[in-house]
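The values are calculated or read from the model by the stated rules, or taken from the named source; none is laboratory data. These numbers were taken from a predicted model, which means no experiment stands behind them. Counting neighbours? That spans all protein chains shown, and the Cβs are built from the backbone with ideal geometry, glycine included.
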Amino acid sequence: MLQLSALHHIAIICSDYVLSKKFYTQVLGFKPIKEIYRAERRSYKLDLELNGTYLIELFSFPDPPSRVTGPEACGLRHLAFAVADIQNEVETLTNLGIKVEPIRVDEHTGKKFTFFSDPDQLPIELYQI
């Protein structure tokens, strides 16, 4: 068995770098750590942190293929973020023009959760702690 210490980062490839950078920083509140343009790949790489923890590498590549299907496809299903007040966060997203699914209750934990999508339709979950 491997001796893993922690999740290091999540890598996301976006189709519109400017739009996704704005979404992850201005909507979700991630802070840029380091941004690199790799000319040989015509690709940006943006390292992002949340509350001092490095979590996401946002990549741009020329003409990446679209996501095949929704969250039930093989591979990454969704990103989930803990929030203290889900209703407040849903209102914030709605005021920013982002479509949010109705709030549901996890039948096993009794906790509230909901989903919305990033600019490339990657599902993102908010889970009230």
Flag for V100 being assigned to a loop (DSSP other than H, G, I, E, B) and either under 14 Å from the mean Cα position of the chain (by Cα) or surrounded by 15 or more Cβ atoms within 10 Å (Cβ to Cβ) (or both)
yes
Which members of the stretch 103-118 meet the condition of being surrounded by fewer than 17 Cβ atoms within 10 Å (Cβ to Cβ) and outside any strand (DSSP E or B)?
I103, D106, E107, H108, T109, G110, K111
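Under 16 Å from S20 (Cα atoms), surrounded by fewer than 16 Cβ atoms within 10 Å (Cβ to Cβ) and among the hydroxyl-bearing types (S, T, Y), is that true of S43?
No; evaluated as a whole, the condition is false for this residue.
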Restricting the search to the stretch 1-25, which residues are at pLDDT 95 or above and either aliphatic (A, V, I, L, M) or closer than 17 Å to L79 by Cα (or both)?
V18, L19, S20, K21, F23, Y24, T25
In the stretch 1-40, anything hydrophobic (A, V, I, L, M, F, W, C), surrounded by 12 or more Cβ atoms within 10 Å (Cβ to Cβ) and assigned to a helix (DSSP H, G or I) is listed as L19, F23, V27
Scanning for something among the hydroxyl-bearing types (S, T, Y), under 21 Å from E125 (Cα atoms) and not in a loop (DSSP other than H, G, I, E, B), does the stretch 45-61 turn up at least one residue?
yes
